[in-house]
């Protein structure tokens, strides 16, 4: 929650003052750096854009603006998904997500949730 929404004069937090967020971004950067593009120029360009975006955020030491943590019923599956992720090479990122899980505000990635997903992810 930002300070104005809370009606408080909380100090502004910067990214580098929040190690869990910093580590999670750095781990995400590494995944995008090491993942295969499968020979696709579009995927390679996307990976590069994500890395450049993360680098820019880290270098700028951006302010952290949080929202009140929210959840969706689908989050009941998060622990299992994280457990599965530990079996792969993403262990660092998994630890980062676990450290931030209580701070996350879960949202749909759709303007309008597709009808078939409505009941599953409500």
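None of the figures in this text is laboratory data; all of them are computed from the coordinates on show. Model, not experiment: these values are computed from the prediction. All Cβ positions, glycine included, derive from the backbone under ideal geometry; neighbour counts span all protein chains shown.
Computed per residue of the chain from DSSP H runs no shorter than four, each worth -39500 (n - 2.57), the mean residue ellipticity at 222 nm is -16500 deg cm²/dmol.
Relative contact order of the stretch 68-122, taken over Cα pairs closer than 8 Å and 6 or more residues apart, is 61 percent. For the chain, dividing the convex hull volume of the Cα atoms by the residue count gives 150 Å³ per residue. Taking every C-alpha pair closer than 8 Å and separated by at least 6 residues, the mean separation divided by the residue count of the chain gives a relative contact order of 33 percent.
Computed over the Cα atoms of the stretch 45-90, the ratio of the radius of gyration to the Kirkwood radius (Rg/Rh) comes to 1.11.
Full extension of the chain between residue 89 and residue 107 gives 3.9 nm of extra length, using 0.36 nm per residue less the Cα-Cα distance.
Over the stretch 12-60, what is the relative contact order in percent, taking alpha-carbon pairs closer than 8 angstrom and at least six residues apart? Write out the running numbers ahead of the final one.
Details: 22 pairs, mean separation 19.5, N = 49.
RCO, the stretch 12-60: 40 percent.
Rg/Rh, computed from the Cα trace of the stretch 68-122 with Rh as the Kirkwood radius, has the value 1.02.
Applying 0.36 nm per residue to the separation of residue 64 and residue 51 and subtracting their alpha-carbon distance, the gain on full extension is 2.8 nm. If you plug the beta carbon distance of residue 26 and residue 115 into 1/(1 + (r/R0)^6) with R0 = 41 Å, you get a FRET efficiency near 0.60.
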